[in-house]
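Since the structure comes first, as structure tokens, the remarks are kept for the end.
The values are calculated or read from the model by the stated rules, or taken from the named source; none is laboratory data. Note that this is a predicted model, so its numbers are computed, not measured. In this analysis, Cβ positions are derived from the backbone assuming ideal geometry, glycine residues included, and neighbour counts consider all displayed protein chains.
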Amino acid sequence: MTDFEAAHYPSPEMTGMPSAYRDGYARALEVDAGSAANYIAHTRIGDSVMDAVVEELAPLPQERVNRLLHAGMEEDREGLRDAPQLLRDFFLDNPPPDPDWLDHAAFAPGVRAFQRNSVPVLSAFVAGVLLDGFSTLISKSFVQTGRIFDNGVWRLKQNNRHQMEIFWPGGLGRQGDGWKLSVRIRIVHAQVRRLLAETEEWDAAAWGVPISAAHLGYAVACFATRAVKHSMSLGARYSVEERVGFHAVWRYAGYLMGIPESILFTDEADAQRMYRIGSLCEPPPTMEAIIMTNALINSAPLVAGITDPEERRKLVHRVIYPVSRGLLGNRLADELRFPRSGLIFPLFLYRMDQRIQRLRAWLRREPPSTFATLLEASAYDDAGVSYRLPDHAHDERSERW
């Protein structure tokens, strides 16, 4: 156990452990006791800084909150002149310092790798990485809001856009859209955490804090190390330097998203450890995880612009489910109730199909369409980024945001 953990968290036999984690915690203790205790401790931690900010914003009208957050993102002092003090502190008067490990130059190899491998990376997110993440109890937070059902396509497009922006040269600079979208995610998570904590449905004794620091630390570790692993299974290639840079990008994005450094991975090996320990601590996928992961898979064709019902069905059952099973493995795929497929070697067949498509495009002398395709599959809007926040725990009762 680290000095931080020993100073701030109870012993591994801590009282108040969310009950859903007891069996998993016992398993994880046998592998890495310190990391297991640290993970469980963070299931009861949110984001003290941003949770206080959204609490202060709660009484204000939605449109004013949108204007204030936009002013903060743009460092507009005049626009924040009458803003609540905690918001002014965060954006202007006393902003969070850059971590001492931050090195923007270290991002460059990861940015190059993402841009070269963008299609397999984003495909890996849909078919594997997000499913790894949402197989945990974090799925309860999303399913209870109801947002995934009516907005699954928009959520996938938002994920695509966030990745494209953080892996854009300079995207994580203070004025970059990657920086702004990462902080926006932090604010939205805090707002959802506040709203869910006030509902009768949320069982803190069983599940801990909604969208906890543990879940976010686990998720960003998946976004980094599982994205590399799964995208390589789909044909991506990385040098050692590129893998380091890819993880560096996600580490800083995670920091901007409000993940405490006490559970934010440091490098690829640490991200792999985080994934392993988190997977052991988490209970088997709940019904919410099953609903959410299957909903995401069935939304994927719409993200690609395929609206014909029969074409969607073919893509989901002949391509996405078999590829997902190949990436996740049969045990997790069965727990998520993904249909079995008679397809042999689905990942090999996927890679071959991608090569054939590239060859056909070359023979027809067609220009590369990758970037245009990514733009279409990402949440870009002429109106720009909205900083409106949900104002009700249930999406159908919330104003548009």
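Only one of the numbered conditions (1) among the small types (Gly, Ala, Ser); (2) assigned to a helix (DSSP H, G or I); (3) surrounded by fewer than 23 Cβ atoms within 10 Å (Cβ to Cβ) is not met by Gly79, and that is (2). Here is the figure for segment 278-296: residues that are in contact with a helix residue (DSSP H, G or I) (Cβ under 7 Å, 6 or more places away or on another chain), in a helix (DSSP H, G or I) and surrounded by fewer than 24 Cβ atoms within 10 Å (Cβ to Cβ) total 4. Pairs are defined by a Cβ separation below 8 Å, a sequence spacing of at least 6 or placement on different chains, a first member in segment 36-52 that is under 26 Å from Pro84 (Cβ atoms) and touching a residue at least 12 places away in the same chain (Cβ under 8 Å), and a second member that is outside any helix (DSSP H, G or I) and small (Gly, Ala, Ser); the pairs so defined are Ile45/Ser212; Gly46/Ser212; Asp47/Gly258; Val49/Gly258; Met50/Gly258. Of everything listed in (1) within 13 Å of the chain's Cα centre (by Cα); (2) surrounded by fewer than 19 Cβ atoms within 10 Å (Cβ to Cβ), the single unmet condition for Ile211 is (2). Sort out which residues of segment 18-27 are in contact (Cβ under 8 Å) with a residue 40 or more places away in the chain, under 21 Å from Ile211 (Cα atoms) and part of a helix (DSSP H, G or I), and write them in order of number. Passing the criteria: Ser19, Ala20, Tyr21, Asp23, Gly24, Tyr25. Take the conditions (1) at pLDDT below 95; (2) in a helix (DSSP H, G or I); Thr199 misses just one of them, which is (2). Within segment 102-117, at least one residue is within 30 Å of Ala304 (Cβ to Cβ), modelled with pLDDT under 95 and surrounded by fewer than 21 Cβ atoms within 10 Å (Cβ to Cβ).
Every residue, every condition in (1) modelled with pLDDT under 95; (2) of a type in the set (Asp, Glu); (3) more than 22 Å from Gly46 (Cβ to Cβ), yes or no:
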site	(1), (2), (3)
Leu256	no, no, no
Ile259	no, no, no
Arg273	no, no, yes
Ser299	yes, no, yes
Ala304	yes, no, yes
His317	yes, no, yes
Tyr321	yes, no, yes
Arg325	yes, no, yes
Ala333	yes, no, yes
